[in-house]
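Note sheet for the following structure.
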Amino acid sequence: MTDRDDESLPVDRDRPYLGGPDVAGEFGRLFDRYAAPLHRYLARRVGADAANDLVSATFLVALNQRHTYDPRLGAVRSWLYGIATNLLRRSVRQELRALRAGARSLDREDTHDTRVVDRVDAEAAVRRLARSLAELSDGDRDVLLLTSWAGLDSTEVAGVLGIPVGTVRSRLHRVRKALRRGHPTRPSAREEDCHD
Amino acid sequence: MTDGDPRELWSDDDLDHALERLNPIPRTDPRTLAGLRAELMAAAGASAVEKGKSMGMKKRWIASAAAVVAVAAGVLVAQTVSFNGNPPTASAAAAELNSVADRVRATDPPVGPGQYTYVGTRAWYTATGSDTGAELLYAYLEENRTELWVPPVFEQEWMQRRATGEKKWIFSSEAELKEKGIEIPDRPHSNGERRAPCGDFFANSDEERCKGEVGWQKPSPQFIASLPKDAKQLHDRIRHDTQGRGKGPDLEFLVYVADFLRSGVVPADTRANLYRALAMVPTMVVTDRAANLDGRTGVAFGVEVDGERREIIIDVSTGQFIGERQIAGDDRPGIPEGTVTAYSSVRTAVVDKIGTTPSQ
């Protein structure tokens with residue numbers, strides 16, 4: 001895979017016109033820039049093998065629907081993650097099964113660097129988190145993990161999910177607060193109703 | 001930041017840490033992505049269709065087949081990736097590890113009835129705090145002292161004593177945070193003293209004690225006895241157990257070895273064997289000939305992935321494991337590449353009573 005000078009373009013300004021004649025060139029560039037991080041994100045959610053298929057499907061869907069991408073409405077990264085998020089929903093049962101079973105695997109490597117120094121403590125905490133994530137609504141889980149694992153900001157997450165940025169922020173706040181208290185949130189009709 | 005609400009078990013930072021550790025990023029084989037790219041290019045009507053497509057199909061097949069044979073041939077898969085293009089260049093580290101293995105004393109000092117193995121660890125771990133936008137607010141190394149008394153019979157009572165101590169600032173400072181009105185949240189340390197059979201200090205109930213998982217991270221005598229006595233087979237066993245974990249096969253290999261050695265209960269013959277198994281790890285290199293851990297120096301053997309490095313430090317004159325270090329790559333916001341983000345030193349001794357500390 002080649003690094004191109006487009007790498008220097010900030011992600012939020014990466015809003016290419018996808019209707020041009022050089023389809024392979026433009027999609028090659030998109031793939032080179034976004035496939036690896038997208039794969040890492042998806043692999044954390046559903047495992048490496050399923051992530052291979054999802055990355056492949058995401059770019060093929062994007063290719064087929066390239067005329068629907070409107071650069072004025074958002075960065076191309078949000079659009080790609082939006083497609084991936086829709087595809088991911090089909091694997092949600094697989095994801096939930098893994099989360100309910102505890103963590104798929106723990107990052108043992110990081111434990112030397114953790115403040116919760118005791119491994120037993122730390123592993124129990126991660127397992128508890130996994131189970132709590134399984135209790136979240138799909139939308140809540142997407143907001144949390146698009147932020148935490150995919151590293152998107154609130155504006156991008158709003159673009160991915162097609163919801164207002166204010167909703168993303170309040171949802172994130174509510175979900176994080178509930179997880180910190182160690183019990184999963186219950187989805188509510190209005191984000192404002194969530195103070196218990 | 002935590003707002004001090006007593007109902008909150010975790011600070012934001014703790015939550016982020018748990019999120020970070022859940023479902024770690026598996027290694028992405030660049031060849032898999034190359035295959036996917038070739039398929040996309042074929043669909044996009046690129047000129048290099050034929051070449052790309054055949055490559056894509058082949059790699060896809062390898063990717064799915066790999067999952068099936070991973071358990072049986074994990075070692076082969078891992079080594080193929082590591083050797084990719086380059087011959088192993090770590091022979092110096094391998095030679096050194098093998099000679100260290102020869103220098104490990106054949107037996108450990110005996111632990112008599114009523115006596116305990118004392119394992120004292122002084123570790124410095126990084127604690128960080130970020131705002132909700134994930135921008136780093138502070139980072140410091142915090143001293144953690146853990147003392148462990150291991151009975152001669154695994155199922156007898158163990159004791160652990162833990163305390164946190166000094167801070168060494170990496171990013172920002174106490175004064176700066178005070179000025180900004182940022183409060184450092186209390187960490188969920190398990191400071192204090194606790195006793196339990198089998199070292200199961202954190203079991204939910206008495207019934208669950210001695211039923212917890214044993215393994216590299218918590219070696220029981222049965223687990224240690226079950227390990228292969230042949231170095232190559234031991235190497236293969238670690239490859240098998242680390243398959244698919246962590247940031248890279250060689251790094252994870254070292255992490256497991258460090259976990260095991262850190263326990264302080266690995267007998268001399270197993271330790272020597274472990275060093276020989278470690279010598280077979282192709283990307284293992286000597287990273288520092290005089291690594292200093294709180295005044296104790298040794299040779300650092302390390303593996304690096306994406307700039308992040310893990311090391312174990314060995315006193316090469318005796319073969320004693322004396323500690324470990326972790327060095328940041330370029331993927332930690334606000335923390336310069338090359339920063340030591342964790343290090344620890346460990347010493348073991350035989351003591352006559354539970355709770356007593358050996359003389360220095």
Exercise. If you go through the range B:234-269 one residue at a time, how many are open to solvent by 10 Å² or more (accessible area, probe 1.4 Å), more than 11 Å from chain A (Cβ to nearest Cβ) and among the small types (Gly, Ala, Ser)?
Worked result: 1
Exercise. Has the range A:47-64 got any residue that is open to solvent by less than 20 Å² (accessible area, probe 1.4 Å) and assigned to a loop (DSSP other than H, G, I, E, B)?
Worked result: yes
Seminar exercise, completed: All conditions in (1) part of a helix (DSSP H, G or I); (2) closer than 19 Å to B:VAL285 by Cα; (3) modelled with pLDDT under 95 are true of B:HIS235 except (3)
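How about the range B:335-351: which of its residues are in contact with a strand residue (DSSP E or B) (Cβ under 8 Å, 6 or more places away or on another chain) and either of a type in the set (Val, Ile, Thr) or open to solvent by 50 Å² or more (accessible area, probe 1.4 Å) (or both)?
First, the residues of the range B:335-351 that are in contact with a strand residue (DSSP E or B) (Cβ under 8 Å, 6 or more places away or on another chain): B:335, B:338-351.
Passing the criteria: B:ILE335, B:THR339, B:VAL340, B:THR341, B:VAL346, B:ARG347, B:THR348, B:VAL350, B:VAL351.
With the condition kept exactly as written, say whether any residue in the range B:300-318 is assigned to a loop (DSSP other than H, G, I, E, B), open to solvent by less than 10 Å² (accessible area, probe 1.4 Å) and either in contact with a strand residue (DSSP E or B) (Cβ under 8 Å, 6 or more places away or on another chain) or among the basic types (Lys, Arg) (or both). Outline the logic, then answer.
If we filter the range B:300-318 for residues that are assigned to a loop (DSSP other than H, G, I, E, B), which is where we start, we get B:306-307, B:316-318.
Keeping just the survivors that are open to solvent by less than 10 Å² (accessible area, probe 1.4 Å) gives none.
Checked the range B:300-318: no residue is assigned to a loop (DSSP other than H, G, I, E, B), open to solvent by less than 10 Å² (accessible area, probe 1.4 Å) and either in contact with a strand residue (DSSP E or B) (Cβ under 8 Å, 6 or more places away or on another chain) or among the basic types (Lys, Arg) (or both).
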Seminar exercise, completed: Restricting attention to the range B:169-227, the residues that are among the basic types (Lys, Arg), modelled with pLDDT under 80 and under 24 Å from B:ASP14 (Cβ atoms) number exactly 1
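The values are calculated or read from the model by the stated rules, or taken from the named source; none is laboratory data. None of these values were measured; they are calculated from a predicted model. When we count neighbours, we look across all protein chains shown, and the Cβ atoms used for this are built from the backbone with ideal geometry, even at glycine. Surface areas here come from the heavy atoms of the whole protein model, side chains and all, with no ligands, DNA or RNA. Shrake-Rupley method; radii C 1.70, N 1.55, O 1.52, S 1.80 Å.
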